[in-house]
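Chemist: Below is one structure. I have some questions about it.
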Amino acid sequence: MTEILIKIDNDMAQDLPNSELLRFLAEFYDSRNLISTANRLGKGSATCFRLLAQAREIFEDPLFVKSGRAMMPTPKMDSLIGEIQSILMRIDRLPSPKVFSPKELTQDFRIGCIDNAALRFIVPSLANLYAQAPNIRLSIISIHEHFQWALEKGNIDIVIYAPPNLKLRELGKKFHYETLYNTDHVYVVRNMHPLAIKLREGKQLKRSDLKNYRFIAVKYGYSEGKITTDSSGFEEGSNIAIDTPYLLTVPHMLTQCDLIGRLPESSVKELIGNLPLTILPKNLVADPAWTPVFLWHDRTHFDPAHQWFRSVLLRSLEEKRAKKRQESKKSSNLFGEQDAAEPELPEHSSGIFSF
């Protein structure tokens, strides 16, 4: 009787996926390639073929079907992946005797953002990051329209994002974020632009004056070959003359033609430098302030390495802003007034300076 019970228990165990099988499915779902999955997991191809066959038997579904050079998930696999990742995350949260040490990290941290965000948020943290973890690697990745999917699947670890239509509360409980600040924008044109000439002549500019000119828009990514932009106001439809994923190219483009660009107010003078450009009055921009965020997924929320990484980014920004305030205070004490080139930034929940 005992032998029969043992056999039944063993049969039941074979029908249940173990952590090895779940990790295989999660990696395979991410890479869509069996050889790549084997390399990532440090397993042989034969072992991965065996795990796939085992998974197909347990879940009574092919799970992955060949499509060209890739293995695409079936609807059944799509329905399972969320729970599989949740289970693996709970397993990874189990207490470990190993003490986390940044100096031992050899991890690749992948950040999705546009170029100006990299300058404003990543560059100030580099000294602290590599002093604490000299062997890590940072990958700056062009932000894609489907950034939420990329965060969930592990293609990106953290996103620095600032579109006007991002609704944080609708992202769901599996996404986490840190709100950085609110930032207004201003329009910029070249010095010989008709609007700049009109302004120098002492004439008042109206929003209706902008309709006679076209714009440069900053895009956030591609979707099936179609350019997608997050813009508003006059910067839409046929009024867009140029779109670019690189905000830092906008000032240089403006010097060559009578287009209008929109740049962050808090850093506009730094962005345009000594270029022959004119900043138009702020009241011409009717759009509400934008609120950039650091955004990440539950997949990395409890991971010690990622918690350390996010904390260093945020702390470095706090330190830079504190240093900027000190310099501004010294300048104010020395000259009796605040330096006009360094406007005081507004206070916000996280105390991060704008980009």
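The values are calculated or read from the model by the stated rules, or taken from the named source; none is laboratory data. For clarity, every value in this text was computed on a predicted model and none was experimentally measured. All Cβ positions, even for glycine, are placed from backbone atoms using ideal geometry, and neighbour counts span all protein chains on display. We work out accessible area using only protein heavy atoms, side chains counted, and drop any ligands, DNA or RNA first. Shrake-Rupley method; radii C 1.70, N 1.55, O 1.52, S 1.80 Å.
Chemist: In segment 113-137, what residues are open to solvent by less than 80 Å² (accessible area, probe 1.4 Å), modelled with pLDDT of 90 or more and within 30 Å of Leu25 (Cα to Cα)?
Modeler: Ile136
Chemist: Scan segment 31-69 for residues that are of a type outside the set (A, V, I, L, M) and part of a strand (DSSP E or B) and jot them down.
Modeler: Result: Phe64, Lys66, Ser67.
Chemist: Is it the case, given these coordinates, that Lys66 is free of Cβ contacts under 8 Å to residues at least 60 places away in the same chain, basic (Lys, Arg) and closer than 16 Å to Ser31 by Cβ? Don't jump to the end; show me each part of the working.
Modeler: Working: free of Cβ contacts under 8 Å to residues at least 60 places away in the same chain: yes; basic (Lys, Arg): yes; closer than 16 Å to Ser31 by Cβ: yes.
Against the criterion (free of Cβ contacts under 8 Å to residues at least 60 places away in the same chain, basic (Lys, Arg) and closer than 16 Å to Ser31 by Cβ), Lys66 qualifies.
Chemist: Same structure, new question: Testing Glu57 on (1) at pLDDT 90 or above; (2) open to solvent by 30 Å² or more (accessible area, probe 1.4 Å); (3) closer than 24 Å to Leu151 by Cα, one condition comes back false. Which one is that?
Modeler: (3)
Chemist: Would you confirm, using the coordinates I've provided, whether Glu344 is modelled with pLDDT under 75, assigned to a loop (DSSP other than H, G, I, E, B) and either out of contact with any Ser or Thr (no Cβ under 7 Å at 6 or more places or on another chain) or under 23 Å from Val186 (Cα atoms) (or both)? So that I can check it myself, show each step before the final result.
Modeler: Details: modelled with pLDDT under 75: yes; assigned to a loop (DSSP other than H, G, I, E, B): yes; either out of contact with any Ser or Thr (no Cβ under 7 Å at 6 or more places or on another chain) or under 23 Å from Val186 (Cα atoms) (or both): yes.
Yes, satisfied.
Chemist: Identify the residue in segment 195-230 that is small (Gly, Ala, Ser) and open to solvent by less than 50 Å² (accessible area, probe 1.4 Å) and, among all such residues, is modelled with the highest pLDDT. Steps first, please.
Modeler: Step one: filter segment 195-230 for residues small (Gly, Ala, Ser), giving 196, 202, 208, 217, 221, 223, 225.
Checking the rest, the ones that are also open to solvent by less than 50 Å² (accessible area, probe 1.4 Å) come to 196, 217, 221, 223.
On the way: Ala196: 96, Ala217: 86, Gly221: 56, Ser223: 45.
Only one residue tops the list, namely Ala196.
Chemist: Can you go through Ile84, Ile91 and tell me which one is in contact (Cβ under 8 Å) with a residue 60 or more places away in the chain, loosely packed, with under 12 Cβ neighbours inside 10 Å, in contact with a helix residue (DSSP H, G or I) (Cβ under 9 Å, 6 or more places away or on another chain) and farther than 25 Å from Ala289 by Cβ? Don't jump to the end; show me each part of the working.
Modeler: On the way: Ile84 fails: loosely packed, with under 12 Cβ neighbours inside 10 Å.
Testing whether each residue is in contact (Cβ under 8 Å) with a residue 60 or more places away in the chain, loosely packed, with under 12 Cβ neighbours inside 10 Å, in contact with a helix residue (DSSP H, G or I) (Cβ under 9 Å, 6 or more places away or on another chain) and farther than 25 Å from Ala289 by Cβ leaves just Ile91.
Chemist: Still on this structure, please answer the following. What strands (runs of 3 or more DSSP E), lying completely within segment 123-193, carry at least 1 residues that are among the acidic types (Asp, Glu)? I'd like the intermediate steps shown before the answer.
Modeler: On the way: elements: 137-141, 158-161, 175-179, 185-190.
Those strands (runs of 3 or more DSSP E) span 175-179.
Chemist: What are the residues in segment 171-188 that are within 17 Å of the chain's Cα centre (by Cα) and aromatic (Phe, Trp, Tyr), if any?
Modeler: Scanning segment 171-188 gives Phe175, Tyr177, Tyr181.
Chemist: Pick out the one residue from His306, His301 that is surrounded by 17 or more Cβ atoms within 10 Å (Cβ to Cβ) and touching a strand residue (DSSP E or B) at 6+ places or on another chain (Cβ under 9 Å).
Modeler: The unique qualifying residue is His306.
Chemist: Hey, another quick one. Could you look through segment 281-298, keep only residues that are at pLDDT 85 or above, outside any loop (DSSP other than H, G, I, E, B) and open to solvent by 10 Å² or more (accessible area, probe 1.4 Å), and pick out the one that is farthest from Asn191 (Cα to Cα)? Reasoning before the result, please.
Modeler: As a first pass, look at segment 281-298 and keep what is at pLDDT 85 or above: 281-285, 293-298.
Cutting the leftovers down to outside any loop (DSSP other than H, G, I, E, B) gives us 282-284, 293-298.
Right, trim to open to solvent by 10 Å² or more (accessible area, probe 1.4 Å) and you get 282-283, 296-298.
Numbers: Lys282: 17, Asn283: 19, Trp296: 41, His297: 45, Asp298: 48 Å.
In this case the residue turns out to be Asp298.
Chemist: For segment 239-264, what are the residues that are under 26 Å from the mean Cα position of the chain (by Cα), part of a helix (DSSP H, G or I) and either surrounded by 16 or more Cβ atoms within 10 Å (Cβ to Cβ) or of a type in the set (Gly, Ala, Ser) (or both)?
Modeler: Leu247, Val250, Pro251, Met253
Chemist: Tally up the residues in segment 62-75 that are surrounded by 14 or more Cβ atoms within 10 Å (Cβ to Cβ) and either more than 15 Å from Leu22 (Cβ to Cβ) or in contact with a Gly (Cβ under 9 Å, 6 or more places away or on another chain) (or both), please. Steps first, please.
Modeler: Here is the first cut: in segment 62-75, the residues surrounded by 14 or more Cβ atoms within 10 Å (Cβ to Cβ) are 62-64, 71, 73-74.
Still in the list and also either more than 15 Å from Leu22 (Cβ to Cβ) or in contact with a Gly (Cβ under 9 Å, 6 or more places away or on another chain) (or both): 62, 71, 74.
Residues that pass the stated criteria total 3.
Chemist: State whether the residues of segment 265-280 include one that is closer than 15 Å to Val186 by Cα, at pLDDT 90 or above, open to solvent by 50 Å² or more (accessible area, probe 1.4 Å) and not in a helix (DSSP H, G or I).
Modeler: Looking through segment 265-280, at least one residue is closer than 15 Å to Val186 by Cα, at pLDDT 90 or above, open to solvent by 50 Å² or more (accessible area, probe 1.4 Å) and not in a helix (DSSP H, G or I).
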